[in-house]
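Student: Okay, handing you the structure first.
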Amino acid sequence: MSAELLKQVIGNLRQATFAKDYSNPESFINLPQDENILKSITAIKEKKNKPNLKYIFVAGIGGANLGAKAVYDALFGYFDNFYPQRLPKMIFLDTINPKVSASMSGFIEQNISSADEILVCIVSKSGETIETIANLQEVSQILEKKFGDIKERVIVVTKEGTRLWQISKEKGIDTLTLPETVVDRYSVFSAVGLTPLSFLPFDTGQFLDGAKGVVDSCLSDNPEQNPAMLSAIIISEHYKTGKSINDNFFFHPELESLGKWYRQLMAESLGEEKRIEGRLEKVGITPTVSIGSMDLHSMAQLYLAGPQNQITTFVYAKDTGVSPQISNSALFANLSPDVSGETPEHIVSAMYRSIKTSYIERGIPFMEVVLPDLSAHSLGSFMQFKMIEMIYLGALLGVYVFDQPNVEEYKQKAKEMLAKK
């Protein structure tokens, strides 16, 4: 029954790929093959990139920010402390915090000596997101105080026609747009995600190729050949039995932000109130993020012995590209013979296999996503697969996955409260 229901959804997605336009929200599936987006981003990169570029400030929140951060942390950011000289680095301004503002001012004063060393990328589809605009004002005035006019070091990504778009055009600020129908949380392959990432030593082509490469399999009518459909069916069937938590257990700490990107994708897409036969029904699956192996020491007790109200998706990469051998130190030579001579990768693999074994022995349901490696290509594949999965989940749960009216509700109330000052 589930597979039959999804055949119509697959047909709609196929029509979107054939149309190659942005006539409906499902058209996000066409972003990776849109050469016009790449041309626009490349033109701005050639204009803005400087050999001494050090820091890219990204002002955005939610879908305007999480996709780029997921990719950055997976490939660069998690290890930034070990590579202080590797530049440029991305700094995400994704919340309002007075300590962050004060620290940012001191950081810019001490570490930036030329406007060419910075780039400010503002991402807001509506152009009115309170947190983003506040952070934009804050970082802009700090930089203006030190360098004067900074418009040549600013890029705006917003929907055409917004007030932010209009002001940017009036001021001569380089501006990129995203299609009207593409929702923020499905926009990582648009200018929203690609613009800041393009200034890094990042293979954009491989990222997009990874996304394009999974589309055919994710639009297959056969659930056994369609990973997005199969995953959606498994999650929805367990949801019907009371398993309303989807734990995404990443066995690579650098993928934590990828987990948070998926957390928003699922939470905003599936959380909904709807009326069925006159009564209000609340629908939604709660996505959580666990990190191996550290959360085996903080969450495994609950997962193994608790109420069994979750379906788990393990995510693991076969090859991280690094496999140093652990050697005995002189100080602790005889402490643990089990560890000596092993590689960190092999130890993590043992931890991963052991927790899966415990799940199997206890009959705890789980799925497994095995990435070939941790690369731009694999990340592109995973993110596109998960966005298509969400379309199928929405159909199975009977919800519309492209709006978030209750989020807009809090935004409007916040504006009303601020207007009363």
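Student: Find the residue count for segment 309-337, including only residues that are over 30 Å from Leu75 (Cα atoms) and modelled with pLDDT of 95 or more.
Tutor: Residues flagged as over 30 Å from Leu75 (Cα atoms) and modelled with pLDDT of 95 or more within segment 309-337 amount to 1.
Student: List the number of the failed condition for Lys159; all other conditions in (1) over 20 Å from Lys20 (Cα atoms); (2) in contact with a strand residue (DSSP E or B) (Cβ under 8 Å, 6 or more places away or on another chain) hold.
Tutor: Among (1) over 20 Å from Lys20 (Cα atoms); (2) in contact with a strand residue (DSSP E or B) (Cβ under 8 Å, 6 or more places away or on another chain), the lone unmet condition for Lys159 is (1).
Student: All but one of (1) at pLDDT 95 or above; (2) farther than 30 Å from Ser140 by Cα; (3) among the β-branched types (Val, Ile, Thr) hold for Thr17; which doesn't?
Tutor: (1)
Student: Here's something else I'd like to know. Any residue in segment 168-182 that's on the phi > 0 side of the Ramachandran plot: show its pairings with residues that are surrounded by fewer than 18 Cβ atoms within 10 Å (Cβ to Cβ) and in a helix (DSSP H, G or I) at Cβ separation under 8 Å, as long as the two are six or more apart or on different chains.
Tutor: Gly172/Lys151
Student: Among the residues of segment 229-258, how many are part of a helix (DSSP H, G or I) and either without any contact (Cβ under 8 Å) to a residue 60 or more places away in the chain or outside the structural domain of Gly363 (by TED's automatic domain parsing) (or both)?
Tutor: 2
Student: Sticking with this one: With respect to Phe28, determine if the residue is at pLDDT below 95, under 27 Å from Met390 (Cα atoms), out of contact with any Lys or Arg (no Cβ under 9 Å at 6 or more places or on another chain) and aromatic (Phe, Trp, Tyr).
Tutor: no
Student: Of all residues in segment 399-421, how many are touching a residue at least 40 places away in the same chain (Cβ under 8 Å) and either assigned to a helix (DSSP H, G or I) or within 18 Å of Ser231 (Cβ to Cβ) (or both)?
Tutor: 8
Student: State whether the residues of segment 121-143 include one that is of a type in the set (Gly, Ala, Ser), farther than 30 Å from Phe28 by Cα and either part of a helix (DSSP H, G or I) or touching a residue at least 24 places away in the same chain (Cβ under 8 Å) (or both).
Tutor: Yes: one or more hits.
Student: I would also like to ask the following. Can you name the residue in segment 247-293 that is at pLDDT 95 or above and among the basic types (Lys, Arg) and, of all such residues, is nearest to Ser236 (Cα to Cα)?
Tutor: Top of the filtered list is Arg263.
Student: Would you call Ser105 of a type in the set (Ser, Thr, Tyr), touching a helix residue (DSSP H, G or I) at 6+ places or on another chain (Cβ under 6 Å) and modelled with pLDDT under 95?
Tutor: When the stated conditions are applied, Ser105 passes them.
Student: If you check Tyr316, Tyr359, Tyr352, Tyr392, which single one turns out to be more than 23 Å from Glu256 (Cα to Cα) and either crowded, with 16+ Cβ neighbours inside 10 Å or touching a Phe, Trp or Tyr at 6+ places or on another chain (Cβ under 9 Å) (or both)?
Tutor: Only one candidate passes the filter, namely Tyr392.
Student: Name every residue in segment 316-357 that is acidic (Asp, Glu) and assigned to a strand (DSSP E or B), in order of residue number.
Tutor: Within segment 316-357, just Asp319 meets the criteria.
Student: Further question: Please work out which residue is surrounded by the fewest Cβ atoms within 10 Å (Cβ to Cβ), limiting yourself to segment 94-129 and to residues that are under 29 Å from Gly161 (Cα atoms) and in contact with an Asp or Glu (Cβ under 8 Å, 6 or more places away or on another chain).
Tutor: It comes out as Thr95.
Student: Is at least one residue of segment 294-304 on the phi < 0 side of the Ramachandran plot, surrounded by 15 or more Cβ atoms within 10 Å (Cβ to Cβ), of a type in the set (Gly, Ala, Ser) and modelled with pLDDT of 85 or more?
Tutor: yes
Student: Give Leu66, Leu93 a once-over and let me know the one that is over 20 Å from Ile41 (Cα atoms), within 23 Å of the chain's Cα centre (by Cα) and not assigned by TED's automatic domain parsing to the domain that holds Met383.
Tutor: Leu93
Yes/no matrix, rows are residues, columns are (1) outside the structural domain of Leu164 (by TED's automatic domain parsing); (2) within 19 Å of Arg263 (Cβ to Cβ); (3) of a type in the set (A, V, I, L, M):
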site: Leu53; (1), (2), (3): no, no, yes
site: Gln110; (1), (2), (3): no, no, no
site: Ser126; (1), (2), (3): no, no, no
site: Glu131; (1), (2), (3): no, yes, no
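Student: For Phe207, state whether it is of a type in the set (A, V, I, L, M, F, W, C) and in a loop (DSSP other than H, G, I, E, B).
Tutor: When the stated conditions are applied, Phe207 does not pass them.
Student: Taking Ala64 as the residue in question, decide whether it is among the small types (Gly, Ala, Ser), in contact with a strand residue (DSSP E or B) (Cβ under 7 Å, 6 or more places away or on another chain) and at pLDDT below 95.
Tutor: yes
Student: Going by the structure shown, is Leu53 hydrophobic (A, V, I, L, M, F, W, C), surrounded by 13 or more Cβ atoms within 10 Å (Cβ to Cβ) and either over 30 Å from Gln137 (Cβ atoms) or modelled with pLDDT under 95 (or both)?
Tutor: No; evaluated as a whole, the condition is false for this residue.
Student: If you don't mind, there's one more thing I want to ask. Closer than 30 Å to Ser103 by Cβ and in a helix (DSSP H, G or I): does that describe Lys169?
Tutor: Considered against the rule, which asks whether it is closer than 30 Å to Ser103 by Cβ and in a helix (DSSP H, G or I), Lys169 comes out as no.
Student: Same structure, new question: Confirm whether Asn226 is under 15 Å from Lys386 (Cα atoms), assigned by TED's automatic domain parsing to the domain that holds Glu389, touching a strand residue (DSSP E or B) at 6+ places or on another chain (Cβ under 6 Å) and at pLDDT 95 or above.
Tutor: no
The values are calculated or read from the model by the stated rules, or taken from the named source; none is laboratory data. Every value quoted in this text rests on a predicted model; they were computed, and no experiment measured them. Positions of Cβ are generated from backbone atoms using ideal geometry, with glycine treated the same way; all protein chains shown enter the neighbour counts.
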